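Asker: Below is a structure I'd like to ask you about.
None of the figures in this text is laboratory data; all of them are computed from the coordinates on show. As the structure is a computational prediction, the values presented were derived from the model and not from experiment. Every residue, glycine among them, receives a Cβ derived from its backbone with ideal geometry; neighbour counts consider all protein chains shown.
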Amino acid sequence: WYWQKEQRKPYVKFMEANYPPGFTYEDFGPLFTAEFFDPNQWADILKASGAKYVVLTSKHHEGFTLWGSKYSWAWNAVDVGPKRDLVAELATSVRNRTDLHFGLYHSLFEWFNPLFLEDADNVFKTRKFPTSKSLPELYEIVTKYQPEIIWSDGDGNAPDTYWNSTGFLAWLYNDSPVRDTVVTNDRWGVGSICTHGGFYTCSDRYNPGHLLPHKWENCMTIDKRSWGYRRDAHLDDYLPIEDLVKQLVETVSCGGNLLMNIGPAHDGRIAVILEERLRQMGAWLRVNGEAIYGTKPWRAQNDTVTPGVWYTVSPKEGKVNAIFLNWPVSGTLELSEPQATLGETQVKLIGYKELLKWVALGEKGIAIALPQLTPKQLPCQWGWALQLTDIN
């Protein structure tokens, strides 16, 4: 897109300097080799990350499918490049080795597909592209791989009627093999985003910072500048684990899910730094998962007095979780929101055995004495969670 459509100078110059004259985008197909792609290793990393679901990009806006699609002749991973059905391999490994829900991202439109461009020229009065390419692919991946999430993207500025989104969704929720388990997002045509869908995405890297009335997802990426793999990325282009934990906590407190993107390499590797970030997130969740998984937003999302404190509720246990991202120098954490009752309210630091001492601050608010711990004695790094029981 940057090279051929927008013709940005750095991209055009790079192609001229490093590839033969007349090199086309299609010539990249055989260079996508995936020789190091080990779906079992991927599944193990995904499991270790603490994630509960995974969404694989089965086809992006340039139309190359990671499965041997009947509708993407000679432009798919079985015919060209890896000569493997990458969707099938990852689906099998994820289902055999983890309890993650397996989902698929699918782009409705394709930047350079002549059928789509012809429909666009006709102001979408003709529907050659969705009837011969996009919709058949959607039916194909659902029937073949039975994903539990369909993450649609790229409406190409066309309305949902052009895509026949409601027709497909009616089939998906009523007659498809995943009708009882599937969930979908909100990108099904112009005007549907943040308005229709099982969960809203609203925009990329969406984090409203306040409670939304509908389930939503913060879809963001560890590489600050790209959704794909960049060979020329620098260390500070990747979000540090502290920032990722902060994003997770803020998102969940406001009723959202976090979908954290990584871009694998052409040879099938997950870059070591991305694997480290995923494993760090998993290590944090192994300690603090009960303040995240299965929780709901509380009446307050964050604390009004102490910055960097975010709340969730564990409804089954009746506990309020206060997740704090900075350990106070004073050793005392002041929370303005909880109303505590003497002799009833108990405060626990997740990952630490003993109950904590606290005092009420007037009608509303509580000051909690944190345990004096050496860095090695801390239950985790990057953020901690208090569980408060019997809070008004």
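Asker: How many angstrom lie between the C-alpha centres of the stretch 39-72 and the stretch 266-327?
Answerer: Measuring centre to centre over Cα atoms gives 24 Å.
Asker: By how many nm would the segment from Leu355 to Asp121 lengthen if fully extended, with 0.36 nm per residue of separation less the alpha-carbon distance?
Answerer: That pair, Leu355 and Asp121, stretches by 77.5 nm at full extension.
Asker: Okay, next question. R0 = 25 Å: FRET efficiency of Lys5 with Lys215, Cβ-based, nearest 0.05?
Answerer: With R0 = 25 Å, the Cβ-Cβ based efficiency is 0.10.
Asker: Another question, then. If you add up the charges near Glu317, with Lys and Arg at +1 and Asp and Glu at -1, over every other residue whose beta carbon is less than 14 angstrom from its beta carbon, what do you get?
Answerer: +2
Asker: Also: When the Karplus curve 6.51 cos²θ - 1.76 cosθ + 1.60 is applied with θ = phi - 60°, which whole-Hz ³J(HN,Hα) does each residue of the stretch 379-385 get, with x for Gly and Pro?
Answerer: x, 6, 10, 6, x, 9, 10
Asker: What is the sum of charges, Lys and Arg at +1 and Asp and Glu at -1, for the other residues whose Cβ falls under 13 Å from the Cβ of Ser226?
Answerer: For residues surrounding Ser226, the net value is +1.
Asker: Enumerate the calculated ³J(HN,Hα) couplings along the stretch 3-14 in order (Karplus 6.51 cos²θ - 1.76 cosθ + 1.60, θ = phi - 60°), each rounded to whole Hz, writing x wherever the residue is Gly or Pro.
Answerer: 7, 9, 8, 7, 6, 5, 4, x, 6, 4, 5, 4
Asker: Quick one: what are the phi-derived ³J(HN,Hα) couplings along the stretch 165-174, Karplus 6.51/-1.76/1.60 with θ = phi - 60°, whole Hz, x for glycine and proline?
Answerer: 4, 5, x, 5, 5, 4, 5, 4, 8, 10
Asker: Can you work out D for the chain in µm² s⁻¹ from Stokes-Einstein, where Rh is the Kirkwood radius over C-alpha pairs, the temperature is 37 °C and the viscosity is 0.692 mPa s?
Answerer: It comes out at roughly 141 µm²/s.
Asker: Sticking with this structure for a sec: For the stretch 282-337, what is the convex hull volume of the alpha-carbon atoms per residue, in Å³?
Answerer: 95
Asker: Report the chymotrypsin sites (Phe, Trp or Tyr not before Pro) located in the stretch 96-143 that are in a DSSP loop and have at most 15 other Cβ atoms inside 10 Å of their Cβ, or state none.
Answerer: Listed in order of number, the matching sites are Phe112.
Asker: Given R₀ = 56 Å, FRET efficiency for Asn96-Leu342 by Cβ-Cβ distance, to 0.05?
Answerer: 0.60
Asker: Need the full-extension length gain, Tyr25 to Thr181, defined as separation in residues times 0.36 nm minus the C-alpha distance. One decimal, nm.
Answerer: Gain in length upon complete extension: 52.4 nm.
Asker: Same structure, new question: How are the alpha carbon pair distances in the stretch 1-151 distributed across 10 Å bins from zero to the largest one, expressed in percent?
Answerer: Taking every Cα pair in the stretch 1-151, the percentages come to 10, 33, 33, 20, 4.
Asker: Return an integer: the convex hull volume of the alpha-carbon atoms of the stretch 337-392, in Å³ per residue.
Answerer: 83
Asker: Sticking with this structure for a sec: Given the Cα-Cα distance of Lys70 and Ser203 and 0.36 nm per residue of separation, how much length would full extension add, in nm?
Answerer: 44.7 nm
Asker: What residues qualify as long-range amide H neighbours of Leu259, i.e. H under 5 Å apart, gap of 5 or more or another chain, H built at 1.01 Å from N?
Answerer: Asn218, Cys219, Met220
Asker: In whole Å, what are the Cα extents of the stretch 245-317 along the three principal axes, biggest one first?
Answerer: The Cα atoms of the stretch 245-317 stretch 47, 27, 19 Å along the principal axes, largest first.
Asker: Something else: For n ≥ 4 DSSP H runs only, could you compute -39500 (n - 2.57) per run for the chain, divide by its residues and tell me the 222 nm figure to the nearest 500?
Answerer: For the chain, the value works out to -7000 deg cm²/dmol.
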